[in-house]
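J.: Before I ask anything, here is the structure I am working with.
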Amino acid sequence: MIDKVSALYDKTNVCRHCEAAFSTKRVRSGTLTMIHRDSDFYTTFKEQSLNPILYTVNVCPTCGFAFTDQFTTKLAPWQKQAVAEHISSKWQTKDFGSIRKVPEAIVSYKLAIYAAELTDQPHSVKAGLYLRLAWLYRYQNNLPEELRFIAMAVDEYEESYIHSDYTRGDKDMSEVRLLYLIGELYRRLEKFDLAIKYFGKALAFRNHTIESGIIRMAQDQWQLAREEFKEKKSEQKIG
């Protein structure tokens, strides 16, 4: 078992709204052993209580602005005004800078989602927040809430694809990876026709990408979605 104290370190952040400095925990890279990665990239670690997604969101204890490293670096005057009016004026000081369990992490994501909507962050940033929140509910075996936030995530990812803002909102997100992920999230929502469509778009990159792993996953999940779609249709006929 990994010692939590040695696996975590304190990172100093500067709030992008009020510019106050505060400390938050991060997980040291290399301290975790991965057990499994789901088809939508959710990762299970041997020590799940140290899953890095618990610590993705920074919450300023002074003004209540919650953000991730993917938020725009500087807020425009209108964004600062919106935060001051809708978040800071109602904020009661709370510190999220110590060890987090899933319930605290869920609250931190909901705060960040509200802040992202309020300050009009890129669709890909909002999508990432919704998806990670869905993963936390998966960790709790809460399927209804997981699917609710997956539905919100896929809507934002589609908008991100339409507006091509994934290139600035998420440095790790490529077009083929985004298309695959949209397909997989639709498959999990049992919207198989849309899943097949987006997996097909991802597979069109077969000879134009170095991300061969994503292409293999898209092929597998495209086949699975087709089988699930046939099964659903036959059940509807019987019903």
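The values are calculated or read from the model by the stated rules, or taken from the named source; none is laboratory data. These figures come from a predicted structure and were not determined experimentally. All Cβ positions, glycine included, derive from the backbone under ideal geometry; neighbour counts span all protein chains shown. Heads up: the accessible areas ignore ligands, DNA and RNA and are worked out on the full protein's heavy atoms, side chains in. Shrake-Rupley method; radii C 1.70, N 1.55, O 1.52, S 1.80 Å.
J.: Label points 7 Å out from Cα along the Cβ direction at TRP91 and ALA151: separation in nm?
T.: Placing both labels 7 Å along Cα→Cβ, they lie 3.2 nm apart.
J.: Of all the C-alpha pairs in region 6-71, what % are more than 14 Å from each other? Mind dumping the intermediate values first?
T.: Numbers: 1321 of 2145 pairs.
It works out to 62 percent of all Cα pairs.
J.: Which whole-Hz couplings ³J(HN,Hα) result when phi for each residue of region 9-15 is put into the Karplus expression 6.51 cos²θ - 1.76 cosθ + 1.60, θ = phi - 60°, listed in order with x for Gly and Pro?
T.: In residue order, the calculated couplings are 9, 8, 10, 8, 10, 10, 4 Hz.
J.: Checking the cross-link filter: which aspartates and glutamates have an alpha carbon closer than 14 Å to that of LYS101, excluding same-chain neighbours under 8 positions apart?
T.: GLU47
J.: I want to make sure I understand the PRE zone here: with the label point 7 angstrom from the Cα of ASP172 toward its beta carbon, which residues in region 11-39 have backbone N atoms less than 17 Å away?
T.: 26-39
J.: Take peptides 81-92, 62-73 and line them up by average Cβ neighbours within 10 Å, highest first, as a rough protection proxy.
T.: Details: 81-92: 14.1, 62-73: 19.2.
The most tightly packed comes first, giving 62-73, 81-92.
J.: Which percent of the accessible area of the chain is formed by carbon and sulfur heavy atoms (probe 1.4 angstrom)? The partial results should precede the final answer.
T.: Values: 6400 of 12440 Å².
With neighbouring chains kept in place, the figure for the chain is 51 percent.
J.: Whole-Hz Karplus ³J(HN,Hα) for region 194-204, in order, using 6.51 cos²θ - 1.76 cosθ + 1.60 and θ = phi - 60°, x for Gly and Pro?
T.: Computed from phi, the couplings for region 194-204 are 5, 4, 4, 4, 6, 4, x, 5, 5, 5, 5 Hz.
J.: Now for a separate question. With a cut-off of 8 Å between alpha carbons and a minimum separation of six or more residues, what is the relative contact order of region 4-173 in percent? Present the calculation step by step, with values, prior to reporting the outcome.
T.: Working: 243 pairs, mean separation 30.2, N = 170.
In percent, rounded to a whole number, it is 18.
J.: Please state the charge dipole magnitude for the chain, taken about the Cα centre, from unit charges on C-beta atoms (+1 on K and R, -1 on D and E), reported in debye and rounded to the nearest 20.
T.: Working: 34 positive and 31 negative charges, 60 e Å.
Taking the Cα centre of the chain as origin, the dipole is about 280 debye.
J.: Give me, ordered by chain and number, the residues 5 or more places off ASN58 or on other chains with an amide H under 5 Å from its own placed amide H.
T.: PHE67, THR68
J.: Another question, then. Rolling a 1.4 Å sphere over the protein heavy atoms, what is the accessible area per residue of the chain, to the nearest Å²?
T.: Details: 12440 Å² over 239 residues.
With the other protein chains kept in place, the chain gives 52 Å² per residue.
J.: Computed FRET efficiency, Cβ-Cβ of ILE99 and LYS46, R0 25 Å: what is it to the nearest 0.05? Write out the running numbers ahead of the final one.
T.: Details: r = 18 Å, r/R0 = 0.70.
With R0 = 25 Å, the Cβ-Cβ based efficiency is 0.90.
J.: Setting aside same-chain residues fewer than 8 positions from LYS90, which lysines have a Cα under 18 Å from its Cα?
T.: Within the straight-line cut-off, LYS90 pairs with LYS80, LYS110.
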